[in-house]
Amino acid sequence: MRKKIIAANWKMNMTVSEAEAFLHTFLHEIGGENGVEIVIVPPFTALAKVSEILGRGQAAKLGAQNMHWEKSGAFTGEISAQMLRELYVRYVVIGHSERRTLFGETDDIVNRKVRASLEAALKPVVCIGETLEQRDAGEVESVLHRQIKVGLQGLSVRELSDTVIAYEPVWAIGTGRTATPEQAQAAHAFIRKTLSELWDSATADKVRIQYGGSVKPQNAAELMSEPDIDGALVGGASMDPRGFAEIVKAAMPAH
Ligand code: 13P
């Protein structure tokens, strides 16, 4: 059974004090152990404070939004895996479509970052997904196949099972236009099939595939009930602590 993983990607939002206020309410709302892995992904500036508040408790884990593939050096404005590790970061989002389109990240760059994160024992959350033009042109599967093949090239079976994939159709990000559960499930099943072809089916069965793109409390339960949807990477709706707690609750295993 794959444990669902729900992550809050705050993007370039939330100051340190806003992050503190969020956690105060959110941790109260979700209570104790709930069978869902929760990851808070603040901007770099709030990592230390969020890390301190989460402490050693298992209520939620810490993620970062990006990292550089080199260990250190003259890379002004960049952050290394080791810097994240020191703050007890466990996950790192790699290849988000905003990084790809606004900051020129290619599948090759994604691959370097994925490998560097795994070498540093950080689990990558690798974002893939097609644009609207690509969907309209019938290219969903070829785009996803390329992003997986190149982005995850060279990963061992062990490394692949530590990797989370986030299917985020670009046309659904921040638009309020969610993929239907059927559209998302079809893409997730294709991603799992591709993993089983490029690695093997036992490993593909272990990999968690999150859906991202306009996930809200109102649509989370329906998306999470699909067999290959193993969680959500939530942008806008993750900044409201009560709404995000509702999304987490929608992913809890049925009793
Ligand atoms: P929204 O939830 O705001 O659509 O963003 C999705 C996303 O990009 C998460 O990484």
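The values are calculated or read from the model by the stated rules, or taken from the named source; none is laboratory data. Not measured: the values here are computed from a predicted model. Cβ placement follows ideal geometry from the backbone for every residue including glycine, while neighbour counts extend to all protein chains displayed. Side chains are part of the model used for accessible areas, which takes the heavy atoms of the whole protein and leaves out ligands, DNA and RNA. Shrake-Rupley method; radii C 1.70, N 1.55, O 1.52, S 1.80 Å.
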Original post:
For segment 45-131, which trypsin sites (Lys or Arg not before Pro) are both in a DSSP coil and crowded by at most 13 other Cβ atoms within 10 Å?
Top reply: Arg56, Lys71
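Leaving out ligands and nucleic acids, note down the accessible area per residue over the chain with a 1.4 angstrom probe, in whole Å². Numbers along the way, then the final one.
Working: 11790 Å² over 255 residues.
Solvent-accessible surface per residue comes out at 46 Å².
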**OP:** Starting from the exponent 0.38 and prefactor 2.2 Å, build the expected Rg for the chain from its residue count and divide its actual Cα Rg by it.
**Re:** 0.94
Original post:
What residue among Val39, Val164, Val143 shows peak mean-square fluctuation when the chain is described by a Gaussian network model with Cα springs under 10 Å?
Top reply: Val143
Original post:
Hey, what number do you get for the chain at 222 nm if only DSSP H runs of n ≥ 4 count, each worth -39500 (n - 2.57), divided across all residues, to the nearest 500?
Top reply: -13000 deg cm²/dmol
**OP:** Would you check the accessible area of Thr101, probe 1.4 Å, heavy atoms only, in square angstrom rounded to 10?
**Re:** 100 Å²
Subject >> Percent accessible area from carbon and sulfur atoms, segment 195-255, protein chains only, probe 1.4 Å >> reply: 51 percent
**OP:** Name the residue, out of Met224, Met83, Met239, whose mean-square fluctuation peaks in a Gaussian network model built on the chain with Cα pairs under 10 Å.
**Re:** Met83
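How big is the Kirkwood radius of segment 73-184, worked out from every pair of different alpha carbons and given in Å to one decimal?
Numbers: mean 1/r = 0.0667 Å⁻¹.
Roughly 15.0 Å, rounded to one decimal.
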Subject >> Within a Gaussian network of the chain (alpha carbon springs, distance under 10 Å), most fluctuating of Ile79, Ile165, Ile94 >> reply: Ile79
**OP:** On the protein heavy atoms, probe 1.4 angstrom, tell me the percent of accessible surface of segment 10-89 carried by carbon and sulfur.
**Re:** 53 percent
Subject >> Placed amide H near Glu105: partners under 5 Å, 5+ positions off or other chain >> reply: Arg100
Original post:
Taking the alpha-carbon centroid of each part, what is the distance from segment 51-126 to segment 213-255 in angstrom?
Top reply: 23 Å
